[in-house]
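The values are calculated or read from the model by the stated rules, or taken from the named source; none is laboratory data. These numbers were taken from a predicted model, which means no experiment stands behind them. Backbone-built Cβ (ideal geometry, glycine too); neighbour counts: all protein chains shown.
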Amino acid sequence: MAMVNRRSADPVALAQSQQANEAQEVQEALRKGVAALRDFIAPSSIEFNSSYFQIGMRFARTFYVYGYPRQVYTGWLSGMVNLDEVMDMSMYIYPVESQVVLENLRKKVTQLEAGIQIDNEKGKVRDPGKEAAIMDAEEIRDKLQVGEERFFRFGLYFTVYGESRDELEFISHKVESMLGEQLIYSKPATAQQEQGFNSTVPQLTDQLQIRRNMSTGALSTSFPFTSADLSQENGILYGINMHNSGLVIFDRFSLENGNSVVFAKSGAGKSFTVKLEALRSMMFGTEVIIIDPENEYQRLCDAVGGSYVRLSLNSATRLNPFDLPRVVDEDEADSALRSNLITLHGLLRLMMGGAQAQLVSGSSALTPTLNPSEEADLDSALIDTYAKAGITNDPLTHNVVPPTINDLYDTLLHMGNTGPQLAQRLRKYTSGTFAGIFSQQSNTDINNQMVVFNIRDLEDELRPVAMYIVLNYIWNKTKADKKKRILIVDEAWQLMKYEDSANFLFSVAKRARKYNLGITTITQDVEDFMGSRMGRAIVANSSMQLLLKQSSSAVDMLSDVFKLTDEEKKRLGQFPVGQGLFFAGQNHVHIQVIASPTETSLVTTNPKATIATDVNEIASNINSSPSGLSGTLDLSGGYQV
């Protein structure tokens with residue numbers, strides 16, 4: 001029988017066996033793809049060189065700032081913050097005891113004064129640098145002594161990135177030149193790139209320890225968040241500030257006026273942006289009225305339970321341009337008839353002009369020709385038509401049923417001079433091709449939080465007339481009830497083609513703030529709009545503007561109007577969909593318009609977009625109380641009602 005000798009376990013063999021087992025477990029974990037959080041965060045590789053380092057496939061370089069001018073000004077870092085390059089920046093601020101600083105300053109002043117005295121004894125020319133240093137030191141001593149200033153040690157480091165060595169060199173030179181222009185000097189952290197990188201990543205480790213003494217006032221000028229910013233406590237979200245990734249939250253009614261203009265070429269996202277603004281404004285109780293020439297707003301209108309008014313020769317909708325506003329203000333009530341007569345003059349010139357339109361000198365707008373005799377007869381006929389209906393300048397008579405174009409036609413037909421000729425030019429709206437839609441009493445009520453007037457099915461000749469009448473109808477409603485409203489006029493260039501309609505739109509835009517109304521004017525024909533004198537005036541009376549991607553022919557014109565920089569001008573023709581320049585008052589930023597999936601399903605006009613949410617389901621979830629929509633905006637999933 002064989003005997004087996006049992007020996008005590010060898011410690012070395014056990015340790016080796018344990019290491020082998022651990023190595024096998026690690027290999028098994030890697031094989032299975034088990035990874036910790038740091039494995040997802042960490043780059044694939046890091047290689048450090050003396051003057052740069054490489055992270056994965058990207059190159060980077062860390063700099064430190066070592067020299068400052070005698071005086072630095074607020075916002076000196078704004079150029080770097082707004083620089084369109086990838087950059088990490090770190091600031092380290094160490095407070096210093098005032099007593100220590102005072103003692104050091106006392107010694108420094110003594111040394112400087114002794115040096116000046118020695119120079120004088122030797123007959124040397126005075127040193128302005130020493131005199132300035134003494135003045136600065138004494139000024140700081142005074143402020144420290146009374147507690148007006150404190151002292152700090154300040155370190156500023158930044159890391160720039162590039163896709164290649166050449167790009168890294170170019171970016172490095174650009175940043176150093178930008179700082180050098182302000183007499184602020186920087187150097188690469190030679191042979192300390194690893195320490196520099198560790199100092200700029202967000203882990204609060206100052207491994208470079210290159211610092212400069214600064215007082216409270218000097219330190220405050222380095223506050224980094226000095227980039228263009230448009231954010232308020234109140235307002236709606238317009239998008240993301242591409243300068244600093246901040247939110248553009250703004251209330252258009254907080255400006256001098258609530259008017260806005262949107263310029264963009266077709267497909268740049270102008271309708272998407274405007275509909276998104278309308279939807280979010282409704283959540284704060286703002287009423288929205290839209291003139292829609294292309295049937296782009298029906299889905300949104302149906303989802304929020306709005307009124308969709310379809311204007312066409314075959315529809316049952318009627319709008320009477322002779323309607324008078326129900327004005328509450330006594331002073332305005334006295335002039336309500338006169339104001340409507342002036343509006344009707346412009347409308348009737350537009351309706352009677354037709355082929356007789358001619359170009360106005362110095363303007364691209366068209367104006368129908370009525371000679372002075374015809375103007376006088378038309379004015380007399382309008383007054384007589386209202387008088388026959390029992391309406392005079394007395395506000396007490398304004399509640400009776402107003403006349404219609406049919407009544408004006410009869411008045412013109414039976415009066416002398418040019419009346420019969422004017423009646424014949426008006427007949428197509430009373431008994432001719434365009435009869436019915438604007439020649440009968442109004443049967444439309446816009447008492448809803450969103451009202452859309454669709455004019456897509458109207459003939460081209462009738463569209464400017466329809467937009468004019470709808471605009472007047474809305475204006476009368478606005479004067480009668482001063483609620484916070486937004487009026488959206490899409491494809492406004494159709495109104496700007498004719499001088500009378502352009503004048504009326506400008507008049508409404510100029511007086512809108514008094515009635516708590518903000519007008520949004522949208523157009524893709526920038527040249528036609530800005531080529532009109534009234535178009536330029538409307539832009540001047542709009543405190544908010546949005547410039548999305550433009551055609552090359554419109555870039556130069558808009559650049560002159562809005563005083564764009566060369567970089568902004570170059571980008572204006574290259575913006576992707578949904579990006580543009582957002583102007584509010586004297587400030588403007590580069591903005592990216594964003595929407596939640598639910599909002600996108602309601603406001604998109606892209607036929608390829610997937611409609612993820614059923615409109616009827618959304619409509620059933622929206623609060624339809626008289627106070628309007630209510631809820632909060634959740635960008636991840638739409639509205640939470």
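Looking only at residues that are under 36 Å from the mean Cα position of the chain (by Cα) and surrounded by fewer than 19 Cβ atoms within 10 Å (Cβ to Cβ) in region 187-202, which one is farthest from ILE55 (Cα to Cα)?
PRO202
Which of the following residues is modelled with pLDDT of 80 or more, aliphatic (A, V, I, L, M), within 26 Å of SER254 (Cβ to Cβ) and in contact with a Gly (Cβ under 8 Å, 6 or more places away or on another chain): LEU581, LEU546? Don't jump to the end; show me each part of the working.
On the way: LEU581 fails: in contact with a Gly (Cβ under 8 Å, 6 or more places away or on another chain).
Exactly one residue qualifies, and that residue is LEU546.
I'm told MET450 meets every condition in (1) among the hydrophobic types (A, V, I, L, M, F, W, C); (2) assigned by TED's automatic domain parsing to the domain that holds VAL401; (3) closer than 30 Å to ALA278 by Cβ except one. Can you identify the failing condition by its number?
Single failed check for MET450: (2).
Yes or no: ASN472 surrounded by fewer than 21 Cβ atoms within 10 Å (Cβ to Cβ) and either free of Cβ contacts under 8 Å to residues at least 60 places away in the same chain or not hydroxyl-bearing (Ser, Thr, Tyr) (or both)?
No: the conditions fail for ASN472.
What pairs can you find where one residue is in region 544-558 and under 10 Å from GLU527 (Cβ atoms), the other is of a type in the set (Asp, Glu) and part of a loop (DSSP other than H, G, I, E, B), and their Cβ atoms are less than 9 Å apart, with a gap of 6+ or different chains?
Partner pairs satisfying both residue conditions: ALA554/ASP525.
If LEU112 passes every condition in (1) out of contact with any Gly (no Cβ under 9 Å at 6 or more places or on another chain); (2) loosely packed, with under 14 Cβ neighbours inside 10 Å; (3) under 26 Å from SER215 (Cα atoms); (4) aliphatic (A, V, I, L, M) but one, which one does it miss?
(2)
Only one of these conditions is not met by ARG70: (1) at pLDDT 85 or above; (2) in a loop (DSSP other than H, G, I, E, B); (3) more than 38 Å from the chain's Cα centre (by Cα). Which number is it?
The failed condition is (1).
If I go through region 496-529 residue by residue, how many of them are of a type outside the set (Val, Ile, Thr), in a strand (DSSP E or B) and either within 25 Å of LEU572 (Cβ to Cβ) or without any contact (Cβ under 8 Å) to a residue 40 or more places away in the chain (or both)?
Of the residues in that region, 1 qualify.
Would you check if GLY239 is within 20 Å of TYR515 (Cβ to Cβ), at pLDDT 85 or above and of a type in the set (Gly, Ala, Ser)?
Answer is no for this residue.
I'd like the full set of residues that are at pLDDT 60 or above and surrounded by fewer than 10 Cβ atoms within 10 Å (Cβ to Cβ), limited to region 4-20.
Selection gives PRO11, VAL12, ALA13.
Does GLY123 satisfy the criteria of being of a type in the set (Gly, Ala, Ser), loosely packed, with under 15 Cβ neighbours inside 10 Å and on the phi > 0 side of the Ramachandran plot?
Spelling it out, GLY123 is indeed of a type in the set (Gly, Ala, Ser), loosely packed, with under 15 Cβ neighbours inside 10 Å and on the phi > 0 side of the Ramachandran plot.
Within the bounds of region 366-374, is there any residue that is at pLDDT below 80, farther than 15 Å from LEU422 by Cα and either surrounded by 13 or more Cβ atoms within 10 Å (Cβ to Cβ) or not aliphatic (A, V, I, L, M) (or both)?
Looking for residues that are at pLDDT below 80, farther than 15 Å from LEU422 by Cα and either surrounded by 13 or more Cβ atoms within 10 Å (Cβ to Cβ) or not aliphatic (A, V, I, L, M) (or both), one finds at least one in region 366-374, hence yes.
Could you say which residue among SER439, SER431 is outside any helix (DSSP H, G or I), among the polar types (S, T, N, Q), under 43 Å from the mean Cα position of the chain (by Cα) and not assigned by TED's automatic domain parsing to the domain that holds ASP490?
Working: SER431 fails: under 43 Å from the mean Cα position of the chain (by Cα).
Among SER439, SER431, only SER439 is outside any helix (DSSP H, G or I), among the polar types (S, T, N, Q), under 43 Å from the mean Cα position of the chain (by Cα) and not assigned by TED's automatic domain parsing to the domain that holds ASP490.
In region 251-318, which strands (runs of 3 or more DSSP E) lie fully inside it and hold 1 or more residues that are more than 25 Å from LYS482 (Cβ to Cβ)?
Strands (runs of 3 or more DSSP E) meeting the threshold: 260-263, 307-310.
Does region 276-293 contain at least one residue that is modelled with pLDDT under 85, more than 30 Å from VAL65 (Cβ to Cβ) and more than 21 Å from the chain's Cα centre (by Cα)?
The answer is yes; a qualifying residue exists.
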